[in-house]
1. Just the Cα atoms of the stretch 377-537: what Rg and Dmax do they give in Å?
2. With N set to the number of residues, divide the alpha-carbon radius of gyration of the stretch 545-587 by 2.2 N^0.38 Å and report two decimals.
3. Report, in degrees rounded to the nearest 10, the 0 to 90 angle that the Cα long axis of helix 539-560 makes with the longest principal axis of the chain.
4. So what is the relative contact order for the chain, in percent, with contacts set as C-alpha pairs under 8 Å and at least six apart?
5. Rounded to the nearest 0.05, what FRET efficiency do residue 713 and residue 641 have when you use their Cβ-Cβ distance and R0 = 30 Å?
6. Within the stretch 604-639, name every residue whose backbone N is under 15 Å away from a label modeled 7 Å from Cα of residue 593 along the Cβ vector.
7. Restricting to the chain, compute how many DSSP beta bridges are antiparallel as a %, nearest 5.
8. Where the eigenvalues come from the Cα gyration tensor of the stretch 395-489, what are the semi-axes √(5λ) of the equivalent ellipsoid, largest first, in whole Å?
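Please treat every number below as a calculation from the coordinates, not as lab data. Quick caveat: nothing in here was measured; it's all calculated off a predicted structure. Cβ: placed from backbone, ideal geometry, glycine included. Neighbour counts: every protein chain shown.
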């Protein structure tokens with residue numbers, strides 16, 4: 001039965017029983033075949049229609065109208081579920097008019113019903129949203145007539161209900177469907193955008209409410225078109241942003257007030273460089289306001305540096321911050337260094353639309369940086385250039401003179417005797433002396449000369465535009481003469497000098513390193529010559545310097561390998577003619593050069609800091625050599641460098657105990673210069689030596705900074721008169737007077753006196769007459785190794801003295817004196 005129809009088909013007999021059905025109906029009701037359906041559902045109405053009311057209405061339709069049309073109801077499926085269908089049926093009658101049966105169709109309308117329900121729900125939801133939305137919603141006709149509006153829009157416009165708003169807006173006299181824009185031009189602008197794009201987004205405008213108050217709104221709208229493209233209507237969304245707008249304006253005012261009050265200069269500009277805003281600090285700093293900037297042609301005209309604008313623009317396009325130091329033009333015609341920080345301003349699409357510039361005045365910082373640069377190149381004590389500045393200027397001078405006939409001179413200068421003054425009088429006096437030296441050096445130098453202090457007592461000069469070598473010599477001569485004059489520092493008159501080495505640039509020595517090396521070599525030659533002189537470098541000097549360096553290394557090796565020895569020079573007692581003590585003197589027998597005089601290697605040791613090692617060696621070796629001679633005392637020199645060691649007393653005490661030499665048989669000789677430096681510390685150390693029983697002698701009295709107060713304050717057992725006074729006996733009345741005065745003073749204070757440098761009988765006898773207690777010199781004996789002491793000590797020296805053989809105050813017989821002298825010469 002109609003197997004190809006997509007809808008179900010059935011035929012019932014006169015009693016309503018289904019006698020025939022097609023496959024589509026069987027499928028619709030969940031049966032595998034029409035036969036299965038006929039077996040399950042015998043009666044169409046009673047067995048298949050679900051609702052009782054639907055059954056009644058269906059049967060009524062059959063009786064009254066010959067069959068219902070499009071009768072919607074639910075029918076049972078085989079699994080008990082239901083399906084919504086529409087039934088169209090027609091009663092079939094026989095020739096006598098009786099009901100013969102019913103023929104009809106059944107169609108599934110489940111989807112159509114659900115769609116209708118969904119539409120109903122959507123309509124209800126839309127209406128709910130429309131009526132209860134916080135923001136305003138409207139619909140207008142193509143001609144602009146307001147067709148619909150919700151409560152929110154009515155409230156925004158100042159009306160109590162949408163109907164009131166519709167009536168007011170569509171009033172043919174006052175409304176005409178037009179939105180009440182405060183600025184009528186905004187309405188025209190709105191329609192222009194809509195006609196062009198078919199949509200308007202985030203349209204900000206101000207509208208007038210019913211009572212005349214104004215509010216700010218943000219509006220979004222679109223044109224709604226039919227399938228054929230013709231305009232149906234417009235619909236839109238309106239948001240009241242009045243509160244937000246007022247807050248934003250308030251925020252902007254506060255920000256502007258804050259920005260106007262900050263100390264940094266702030267400027268806001270658009271992409272063209274036109275100033276939109278400048279704060280008071282900007283106007284004060286540069287003298288420019290928005291008007292003057294506009295006359296200049298924009299913000300970027302402020303910079304005095306080329307291409308700065310393009311560099312900043314490139315950074316902003318990359319959405320990066322730009323920071324840098326620039327020079328900006330001031331309104332008064334000057335310029336100002338600033339640190340500029342530029343931040344891009346972007347629109348909502350991320351495109352740069354302007355920039356914020358914050359400028360900080362860095363004038364003070366620049367000045368501080370320049371001061372730091374100057375300080376880094378300035379000696380803080382003297383105000384002269386330092387080593388850094390000297391090297392920079394020398395590099396420049398070497399480059400400028402390269403390949404030109406103009407010469408360049410480098411003068412390296414050391415102060416003579418400065419170390420002694422600094423060690424004895426203290427660093428404060430030394431510093432004041434350096435300042436005074438710097439002042440005199442400035443007066444000697446020319447305007448183009450660079451004078452620098454390299455450190456300590458080292459100075460250097462770069463002399464440019466030296467046409468002839470004689471110009472450098474003239475400068476050096478002026479310096480030697482100027483520094484050769486005495487300096488008054490505090491209560492002291494100080495005499496120093498200057499040793500100067502000069503190097504001239506030429507084809508042989510044009511580099512900086514060569515000039516410095518050659519000047520240093522020439523300086524060494526000047527110092528070796530006794531100081532207070534200058535010397536110009538010659539090639540032969542290099543060899544001499546290398547020899548000195550080798551000698552220094554040989555001395556180091558000698559100290560390390562026990563290559564030094566100690567000799568002893570006897571000291572003759574004037575009262576008994578006996579040798580009661582000896583002075584320990586260091587000797588160096590070089591493996592290649594033989595005996596090297598102490599006058600040659602001791603200064604070298606002092607310059608190279610080897611003197612402490614030598615002093616410690618002499619002290620220990622002398623103590624060992626003399627320990628076995630119970631009748632002999634040994635005198636050992638202590639250098640200023642050794643005295644600067646705080647543990648010197650402990651070292652000497654431990655050494656004496658180790659070698660077995662009684663402290664009373666050790667005599668330490670110190671120079672006068674030691675007493676001038678850190679007097680209290682020196683005095684305390686000497687008293688500690690005295691407490692051990694060690695004797696203290698003042699060496700070379702009268703050769704340096706002699707002061708009678710030292711003799712009174714310090715615990716001396718002996719005063720050693722310098723050999724220069726001994727040499728003047730008989731020829732210089734002053735020498736006799738000084739030695740006599742010292743001897744008399746010593747006796748009154750209980751201090752022994754000894755004169756050194758005695759080489760003639762006349763000197764010895766005069767010392768005896770002046771009351772000197774002891775004598776030392778070549779007349780008595782030369783320095784000798786320890787193993788030769790026994791023979792010398794056994795000699796009789798009494799014949800040398802005036803008071804020998806009981807002839808006190810007179811002369812010994814000539815024969816006896818000659819014999820004694822021969823014994824002395826033999827022992828020497």
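1. 15.3, 52
2. For the stretch 545-587, the normalised Cα radius of gyration is 1.84.
3. 90 degrees
4. Reported as a whole number, the value is 5 percent.
5. The calculated FRET efficiency here is 0.85.
6. 604-608
7. Antiparallel bridges: around 80 percent, rounded to the nearest 5.
8. Three semi-axes, in Å: 29, 13, 10.
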